[in-house]
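Just below is one structure, and these are the notes that go with it.
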Amino acid sequence: MKKLLALIMFAAFLAPQAEAQRYKDARSYYREFYSQSRRIQIKNMRYMEAVAKGSDERRIKKFREMVVDQLKDTKKALSRVGPYKEDDILIREYQGGLDLYLKAYEELFGNAEELLANRYKSIENLEAYYKLANEAEMMALDAGYKIEKAEDYFGKTYQVDLRRDTIMQERVLKLDEMIVSIREVTLEYFRIDAQLQNLFATIDSNKTDNLTEMIGEIRTATRKARLQLEEVQPLEDYESLLEQALYFCDEVDGSIDEELKPMAEVYEFKYKDQDDLADAKDIMLNYKEFLKEMRLEFFAVREEMILDYLEE
């Protein structure tokens, strides 16, 4: 019995080495890694496209899970591949890259996914979602870079011509840049929108003691958003979303003293004149409709911009 167990353990130890030795040369050995990378890149691209569109939470989850399954399949497949001629740098670094990918997709992207449904309900929610998503994307980029550097080493050491889908790589990087730019603009748009929604919800709940302070917060948010938006560098030919956000910012800024502040003062005053109150109610109803239309327009411009890019 002990002899049998020893044979099994010895066979398990030799399995990866035997697997590595079945490759005739460095090219055939590297080709196994390239084929796995190709599968990961394709599924990663689909996931990023789903995230860019951002409107279908089930689709985002589906494609994230597809990436996770592929990463696990790749890790399992490569666990049977040993070092090449006792050189374990490629296999070791590749497995390390896969671990980073899995942490990004299982943990960080997974945690971010839980915030998707409520991300637009407050600026804090949106900031938390974007923070996790950005961290996950940086980790995924680091994983890809780790694998790429290991492949570069292997190609240089063994004179192997590396196969890289440069078109897909450029597309992924450009899409990542677009997603980041969209997030920057969207965050500033909702920095203003969230303050306005909070103001109207407070009035609707008849808690009107601090409306003047809230108007000050709207003014501050609008100015901060304007400064942040002016720092955004959109991709060439994709400036429309930024322009839409700046337009919204200017419209709100121009309405603070003309509409919002007088309206808030009426609601805040304890002894309300009925005619003034009726005017204040009209202002609020019109402003709510304005916010609704602006939000619809913002998302329409964003969707059109993303679809135009994806069709390139």
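The values are calculated or read from the model by the stated rules, or taken from the named source; none is laboratory data. On a predicted model such as this, the values are computed, not experimentally measured, just so you know. Quick reminder, even Gly has a Cβ in these numbers, built from the backbone with ideal geometry, and neighbours come from all protein chains shown.
Here are some notes:
- Residues that are surrounded by fewer than 16 Cβ atoms within 10 Å (Cβ to Cβ) and among the small types (Gly, Ala, Ser), drawn from segment 270-311: Ala278, Ala300
- All of (1) more than 20 Å from the chain's Cα centre (by Cα); (2) part of a helix (DSSP H, G or I) hold for Phe63 with one exception: (1).
- Wholly enclosed helices (runs of 4 or more DSSP H) of segment 208-310 bearing at least 2 residues among the polar types (S, T, N, Q) and touching a helix residue (DSSP H, G or I) at 6+ places or on another chain (Cβ under 6 Å): 211-231, 240-255
- Enumeration of residues in segment 239-267 that are surrounded by fewer than 17 Cβ atoms within 10 Å (Cβ to Cβ) and in contact (Cβ under 8 Å) with a residue 60 or more places away in the chain: Ser240
Here is a yes/no grid of residues against (1) out of contact with any Phe, Trp or Tyr (no Cβ under 6 Å at 6 or more places or on another chain); (2) surrounded by 14 or more Cβ atoms within 10 Å (Cβ to Cβ); (3) without any contact (Cβ under 8 Å) to a residue 60 or more places away in the chain; (4) over 26 Å from Glu170 (Cα atoms):
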position	(1), (2), (3), (4)
Lys43	yes, yes, yes, no
Glu49	yes, yes, no, no
Ala52	yes, yes, no, no
Asp56	yes, no, yes, no
Leu71	no, yes, yes, no
Tyr84	no, yes, no, yes
Leu98	yes, yes, yes, no
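- Of all residues in segment 103-126, those being surrounded by 15 or more Cβ atoms within 10 Å (Cβ to Cβ) and touching a residue at least 12 places away in the same chain (Cβ under 8 Å) number 15.
- Out of Glu188, Glu177, sole residue that is at pLDDT 95 or above, under 18 Å from Arg302 (Cα atoms) and assigned to a helix (DSSP H, G or I): Glu188
- Residue in segment 167-180 that is outside the structural domain of Lys272 (by TED's automatic domain parsing), under 24 Å from the mean Cα position of the chain (by Cα) and among the polar types (S, T, N, Q) present: yes
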